[in-house]
1. What percentages, rounded to whole numbers, describe P(r) for the range 132-221 computed over all alpha carbon pairs with 5 Å bin width beginning at zero?
2. Pull out a ≥ b ≥ c, the square roots of the eigenvalues of the alpha-carbon gyration tensor of the range 76-202, then state rounded if a/c is under 1.5, prolate if not and a/b is larger than b/c, and oblate in the remaining case.
3. Full extension from Ala190 to Gln110: what is 0.36 nm times the residue separation minus their Cα-Cα distance, to one decimal in nm?
4. Rounded to the nearest 10 Å², what accessible area does Val62 show when all protein chains are kept and the probe is 1.4 Å?
5. If you take the beta carbon distance between Glu141 and Ser172 as r and set R0 to 30 Å, what does 1/(1 + (r/R0)^6) give as a FRET efficiency, to the nearest 0.05?
6. Got a sec? What order do Arg187, Arg91, Arg103 fall in by accessible area at 1.4 Å, biggest, i.e. largest, first?
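The values are calculated or read from the model by the stated rules, or taken from the named source; none is laboratory data. What you are looking at is a predicted structure, and each value in this text was computed from that prediction instead of being measured. Cβ placement follows ideal geometry from the backbone for every residue including glycine, while neighbour counts extend to all protein chains displayed. Calculation scope for accessible area: heavy atoms of the full protein, side chains included, ligands and nucleic acids excluded. Shrake-Rupley method; radii C 1.70, N 1.55, O 1.52, S 1.80 Å.
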Amino acid sequence: GVLDDISLAQPFSSTAPKYQANLDNVCAPVSLRIKVFLQGPYQAATGLMNDGLRTAGVLPTVEPFTGWGYTHVNGGGGETVQNGVFATTGRNAIVDWIWVELRSAANPTQVVATRSALLQRDGDVVDMDGVTPVEFRNSAEGAYYVAIRHRNHLGFRTLQTVFFFISTTVLSFTDASVPLYGTSALRQVATGVYAMKSGDANRDGQINAADRNLHWRLHNGQPLTYTTAASDFNFDGVVNTTDRD
């Protein structure tokens, strides 16, 4: 059934606690240092996600979300990976593309800025150089809801606004320390470790039979490509019964 929907509205409370970092450089663009895990490729034994898509050479160098019908706003769209980024190995190797939204403090259904970003094995979300935080160059400092989406994991958003007071704000979604909208927005994958829920192969905000059964049958046995392997939930380079477990 439906597990979560990040598009649902949540009343804004001016008395709700805010997350903010220390003053650094008020002239710098709004930027986010985010940490998040994906359930599918997460490996409890190492505390890292596997980077099978990168090693298979199927990660696109240009953001894929526009091609899937996602609507970029306020400077997002067309992000292109810098040379050599996909050659990085170890804990900073790139796992996949991920989508970051800023939403209006007055109306959390209103997206005011988007960015395509890259996700490292250790959960760090980085910009196109594979290192630095994600920048929203056209966004003013202030309060926003933050939403995270992925092509085959369920998206989520913060329950409360995040106040971008300075150049870089830090948010970790891996330990359940930041309240999120909805119930069970993330899934526990190890003791004290949480991740985005795997299984939304058709990117409709739900996990149901269309994802777990029909979509898997359609792609089983086909050569793996980034666009047709939406049911490779664990990023091991194949679509098989392991992805349904």
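1. Result, from short to long distances: 3, 12, 19, 18, 17, 14, 9, 5, 3, 1 percent.
2. Oblate, because a/c is 1.5 or more while a/b does not exceed b/c.
3. Details: separation 80, 0.36 × 80 = 28.80 nm, distance 3.34 nm.
In short, 25.5 nm is gained.
4. Val62 exposes around 70 Å² with every protein chain in place.
5. Details: r = 21 Å, r/R0 = 0.70.
Step by step, r from the Cβ atoms, then E = 0.90.
6. Solvent-accessible surface, decreasing: Arg91, Arg187, Arg103.
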